[in-house]
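*Asks:* Take a look at this one; I'll ask things after.
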Amino acid sequence: MPKLVLDQVSIRYDGQPRPAVERVSLSIANGEFVVLVGRSGCGKTSLLNVAAGFLSPADGKAAVDGEPIVRPGADRAVVFQNDALFPWLTARENVAFALRLRGVAPAQRSRRADDLLSLVKLQGSGDKRVWELSGGMRQRVGLARALAAEPKFLLLDEPLGALDALTRERMQTTLLDIWAASRAGVLMVTHGIEEALVLATRIVVLAPHPGHVVGVFEPTFGRRYLAGEPIRNIKADPAFAAARGDLTDAIFQGEPA
Ligand SMILES: Nc1ncnc2c1ncn2[C@@H]1O[C@H](COP(=O)(O)OP(=O)(O)O)[C@@H](O)[C@H]1O
Ligand SMILES: [Mg+2]
């Protein structure tokens, strides 16, 4: 079972007196949805960049199945908040482009692209140009494109951060459906407390100066959604409100009032 591990990772940036992140350990197995939360500057993006292979840790180890992560790889697909699609191409062509990079034969690209677009609930929008798509739809195309590589891991840095509240809520369940269908391990950064609770199988709470882990939660709300319970019911459950309170406390503990 594929496993991405960060072991006692510290991150330093040139010219900075202190490390940005100090001795953080994380592991993401296939079928897990790990969410990083914490105040701005606590190192969430830096850690994701180490997992992606964009950034090398100053100390500690980053590995997939025991193989050190030294560069980006097709086993780890990354989606950012404002991911650039090719605006002059259609949704289908954007996804097909990623399939081409993967060496999928031309005859199969278009059908495979349509399969991926229906996985992100964009069936029927394949012919739309990027400029014709709403923000939420663009983000779905970005996810479909990331899934084209059949990654073992999806690395998402605030992928829903630029969306309006309603679209964002809808995208949360889409993400759960994608995760369940793709069986990839997910590492996602978010500012959204409810979002973290809805999506995660594990939430890792970080605090800054330097970034370090201050708490871990293992919510079960996403699994309830996937088992068929309506998301509205889950969010109305007193257990959800309690978890929200606990997570908020963990994020803001030690913060000057
Ligand atoms: N390229 C960089 N050069 C110098 N310092 C950086 C750089 N990127 C991030 N940092 C610093 O590292 C810390 C963690 O940043 P970041 O990983 O972006 O946190 P987060 O995503 O949680 O907001 C911050 O103090 C930030 O200022
Ligand atoms: Mg960030």
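The values are calculated or read from the model by the stated rules, or taken from the named source; none is laboratory data. Source: prediction; values computed, not measured. Here the Cβ is made from the backbone with ideal geometry for all residues, glycine too, and neighbour counts use every protein chain on show. When the accessible area is computed, the model is the full protein with side chains, heavy atoms only, and any ligands, DNA or RNA have been set aside. Shrake-Rupley method; radii C 1.70, N 1.55, O 1.52, S 1.80 Å.
*Asks:* From VAL70, VAL5, VAL64, VAL95, grab the single residue that is away from ligand 1 (no atom under 16 Å from the Cβ) and open to solvent by 70 Å² or more (accessible area, probe 1.4 Å).
*Replies:* Only one candidate qualifies: VAL70.
*Asks:* Looking at (1) within 18 Å of ILE203 (Cα to Cα); (2) out of contact with any helix residue (DSSP H, G or I) (no Cβ under 8 Å at 6 or more places or on another chain), which is the one condition that is false for VAL24?
*Replies:* Against the list (1) within 18 Å of ILE203 (Cα to Cα); (2) out of contact with any helix residue (DSSP H, G or I) (no Cβ under 8 Å at 6 or more places or on another chain), VAL24 comes up short only on (2).
*Asks:* Let me ask something else about it. Do you know which residues across the stretch 209-252 are closer than 30 Å to GLN8 by Cα, open to solvent by less than 80 Å² (accessible area, probe 1.4 Å), touching a Phe, Trp or Tyr at 6+ places or on another chain (Cβ under 9 Å) and free of Cβ contacts under 8 Å to residues at least 40 places away in the same chain?
*Replies:* The answer is PRO219, PHE221.
*Asks:* Also, quick follow-up: Return the residues of the stretch 51-89 that are within 27 Å of PRO210 (Cβ to Cβ) and touching a Phe, Trp or Tyr at 6+ places or on another chain (Cβ under 7 Å); say none if nothing qualifies.
*Replies:* PRO72, ARG76
*Asks:* Now for a different question. Any residue at all in the stretch 182-199 that's modelled with pLDDT of 95 or more, part of a loop (DSSP other than H, G, I, E, B), of a type in the set (A, V, I, L, M, F, W, C) and in contact with a strand residue (DSSP E or B) (Cβ under 6 Å, 6 or more places away or on another chain)?
*Replies:* No; the residues of the stretch 182-199 include none that is modelled with pLDDT of 95 or more, part of a loop (DSSP other than H, G, I, E, B), of a type in the set (A, V, I, L, M, F, W, C) and in contact with a strand residue (DSSP E or B) (Cβ under 6 Å, 6 or more places away or on another chain).
*Asks:* Which residue is nearest to GLY211 (Cα to Cα), if the candidates are limited to the stretch 10-36 and must be more than 17 Å from the chain's Cα centre (by Cα), in a strand (DSSP E or B) and within 16 Å of ligand 2 (Cβ to nearest atom)?
*Replies:* VAL21
*Asks:* Now a separate question. Given (1) within 13 Å of ligand 2 (Cβ to nearest atom); (2) within 20 Å of ALA146 (Cβ to Cβ), where does ARG39 come up short, assuming only one miss?
*Replies:* The single condition ARG39 does not satisfy is (2).
*Asks:* Here is a follow-up. Of the residues that make up the stretch 121-144, is at least one open to solvent by 70 Å² or more (accessible area, probe 1.4 Å), on the phi > 0 side of the Ramachandran plot, assigned to a loop (DSSP other than H, G, I, E, B) and among the small types (Gly, Ala, Ser)?
*Replies:* Looking for residues that are open to solvent by 70 Å² or more (accessible area, probe 1.4 Å), on the phi > 0 side of the Ramachandran plot, assigned to a loop (DSSP other than H, G, I, E, B) and among the small types (Gly, Ala, Ser), one finds at least one in the stretch 121-144, hence yes.
*Asks:* Can you name the residue in the stretch 171-181 that is farther than 17 Å from GLN81 by Cβ and not aliphatic (A, V, I, L, M) and, of all such residues, is most open to solvent (accessible area, probe 1.4 Å)?
*Replies:* Selected residue: ASP177.
*Asks:* With the checklist (1) over 21 Å from PHE217 (Cα atoms); (2) in contact with an Asp or Glu (Cβ under 8 Å, 6 or more places away or on another chain) in hand, flag the one item ARG202 doesn't pass.
*Replies:* (1)
*Asks:* Give all pairs with beta carbons closer than 6 Å in which a residue from the stretch 46-62 that is on the phi > 0 side of the Ramachandran plot meets a residue that is more than 13 Å from ligand 2 (Cβ to nearest atom) and among the acidic types (Asp, Glu); count only pairs at least 6 apart in sequence or on separate chains.
*Replies:* Filtered contacts from the stretch 46-62: GLY60/ASP7.
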